[in-house]
1. Tell me the residue from 317, 331 that is closer than 21 Å to residue 384 by Cα, of a type in the set (Gly, Ala, Ser) and at pLDDT 95 or above, please.
2. What single numbered condition from (1) at pLDDT below 95; (2) under 26 Å from residue 237 (Cα atoms); (3) in contact with a strand residue (DSSP E or B) (Cβ under 9 Å, 6 or more places away or on another chain) fails to hold for residue 184?
3. Quick check: anything in the stretch 30-37 under 28 Å from residue 226 (Cβ atoms), touching a residue at least 40 places away in the same chain (Cβ under 8 Å) and surrounded by fewer than 22 Cβ atoms within 10 Å (Cβ to Cβ)?
4. Assess whether residue 324 counts as being exposed (fewer than 15 other Cβ atoms within 10 Å of the Cβ) and assigned to a helix (DSSP H, G or I).
5. Answer with yes or no whether residue 84 is in contact with a helix residue (DSSP H, G or I) (Cβ under 9 Å, 6 or more places away or on another chain), farther than 18 Å from residue 35 by Cα, in contact (Cβ under 8 Å) with a residue 60 or more places away in the chain and part of a loop (DSSP other than H, G, I, E, B).
6. For the list (1) in the same structural domain as residue 319 (by TED's automatic domain parsing); (2) part of a loop (DSSP other than H, G, I, E, B); (3) surrounded by 15 or more Cβ atoms within 10 Å (Cβ to Cβ), I need the number of the one condition that residue 18 fails.
7. Are there strands (runs of 3 or more DSSP E) fully within the stretch 217-307 with at least 3 residues that are under 20 Å from residue 358 (Cβ atoms) and not hydrophobic (A, V, I, L, M, F, W, C)? List them.
8. Identify, please: which residue in the stretch 258-312 is aliphatic (A, V, I, L, M) and crowded, with 22+ Cβ neighbours inside 10 Å and is, among those, nearest to the chain's Cα centre (by Cα)?
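The values are calculated or read from the model by the stated rules, or taken from the named source; none is laboratory data. Worth saying up front: this structure is predicted, and the values here are computed from it rather than measured. Cβ: placed from backbone, ideal geometry, glycine included. Neighbour counts: every protein chain shown.
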Amino acid sequence: MSLQDSYDCVVIGGGPAGSTAATLLAEAGHETLLVERDKMPRHHVGESLMPETYWIFERLGILDQLRASNCVKKYSVQFVTNSGKASQPFYFREHDDRECTQTWQVRRSEFDQLMFDNAAAKGAHCADETRVVDVALDGDTATGITVQQAGGPRQSISCQVVVDGSGQQSLIANRLGLKQIDPNLRKAAIWGHFQGAHRDEGIDEGATVILHTKDKQAWFWYIPLHDDIVSVGCVADTDYLLKARGDKQTIFNAEVANCPNIESRLANSKLHGELHVAREFSYSTTRHAGDGWVLIGDAYGFIDPIYSSGVYFALKSGEMAADAISAGLASGDVSAKQLGSWCDEFESGTQWVRKLVGAFYSDKFSFGHFMKEHPEHRGNLTDLLIGRIFTDSAGNIFNDMDPWIEKLSR
């Protein structure tokens, strides 16, 4: 497609964060360009959605499309210990019987395409196969980008605001040296899609299941998708998972053998496509906005895949950033303070998921044992798994969980 030389906003990255921001900015009347490096649709990890995505989907106007899709419905999360003991599922509707507590397991290629197309339908100029060659920075102030479409020449585009939703590329954060790897979460993952794998029945068919290996050195996600596909991934410390013990298939097979529950679930399955590897994916950024630019989604940071929070955080950051940008454009203020005015609230909510991640990786901690002693926190924990983290009571569970973990660590 032909691109203009100037827009109000340029959004880099056609994932959930970028498409959300572009949709809302275009709907607000701002001339918005959304660029994606790859040809859509494209493969991506992160298929399990948190229920709190419902409200953003409602605002974006795509709930009816999701309801009508063949995406598997997700009603719960379940944990399986290293001894093979399964927790009672955390059924979201037992805590809240509204429609918003049912969500979906999505094929990201299809989901991201839906989001990208919705941005175009709402008025954004959307271009895939468009690589951002450079972000124009005058000191710390962004003034535009340089792009190259497939087979075409480079083109400079000016704008008032650059929204970086470039994912783990983190174009602006890497350019300005803002990205910091989390030293306590140096993890790696090997994952793939499997056809013919075991599926639970009824309401449990779409459950996300988290399973520890026998020695607790690693854990698996198990996410049922449509078309008889299950996403299965193994996560562990990078030094452990990717040490010299063969190729990715050999390593993955060894971890499957170390997790009898996963082994039985995959017994009659075959790998659909290839295995993928990612490493050092837990990081933050020391600044999230500057004059004329703001970070969203994985370009802002990523915690861990354990609670499937990545897509929700991408959507939420895209929504919050879009509102701040729109207000700034309306008032003529695209300063760092205005464009990042949502970040403190965002951090105050996401900290609870970060603490929950820390609890999961505490060696002797068990959610089952903790909930047995503190059943009064089951609703609070379910809220966190739903994604209800932007409330005054979201962190109450840690009043008892933090001392419990500290005691176990002595």
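1. Details: 331 fails: closer than 21 Å to residue 384 by Cα.
So the residue among 317, 331 that is closer than 21 Å to residue 384 by Cα, of a type in the set (Gly, Ala, Ser) and at pLDDT 95 or above is 317.
2. Checking residue 184 against (1) at pLDDT below 95; (2) under 26 Å from residue 237 (Cα atoms); (3) in contact with a strand residue (DSSP E or B) (Cβ under 9 Å, 6 or more places away or on another chain), the one that fails is (3).
3. Initially, the stretch 30-37 is screened for residues under 28 Å from residue 226 (Cβ atoms), giving 34, 36-37.
This time we only want the ones that are touching a residue at least 40 places away in the same chain (Cβ under 8 Å), so: 34, 36-37.
Okay, now just the ones that are also surrounded by fewer than 22 Cβ atoms within 10 Å (Cβ to Cβ), so 37.
Looking through the stretch 30-37, at least one residue is under 28 Å from residue 226 (Cβ atoms), touching a residue at least 40 places away in the same chain (Cβ under 8 Å) and surrounded by fewer than 22 Cβ atoms within 10 Å (Cβ to Cβ).
4. Values: exposed (fewer than 15 other Cβ atoms within 10 Å of the Cβ): no; assigned to a helix (DSSP H, G or I): yes.
When the stated conditions are applied, residue 324 does not pass them.
5. Numbers: in contact with a helix residue (DSSP H, G or I) (Cβ under 9 Å, 6 or more places away or on another chain): yes; farther than 18 Å from residue 35 by Cα: yes; in contact (Cβ under 8 Å) with a residue 60 or more places away in the chain: yes; part of a loop (DSSP other than H, G, I, E, B): yes.
The answer is yes for residue 84.
6. Exception for residue 18: condition (2).
7. Details: elements: 218-225, 229-237, 270-279, 283-285, 293-295.
Strands (runs of 3 or more DSSP E) meeting the threshold: 283-285.
8. Of the residues in the stretch 258-312, the ones aliphatic (A, V, I, L, M) are 262, 266-267, 271, 275, 277-278, 289, 294-296, 299, 303, 306, 311.
Cutting the leftovers down to crowded, with 22+ Cβ neighbours inside 10 Å gives us 262, 289, 294-296, 299, 303, 311.
Working: 262: 23, 289: 20, 294: 18, 295: 14, 296: 11, 299: 11, 303: 9, 311: 3 Å.
Selected residue: 311.
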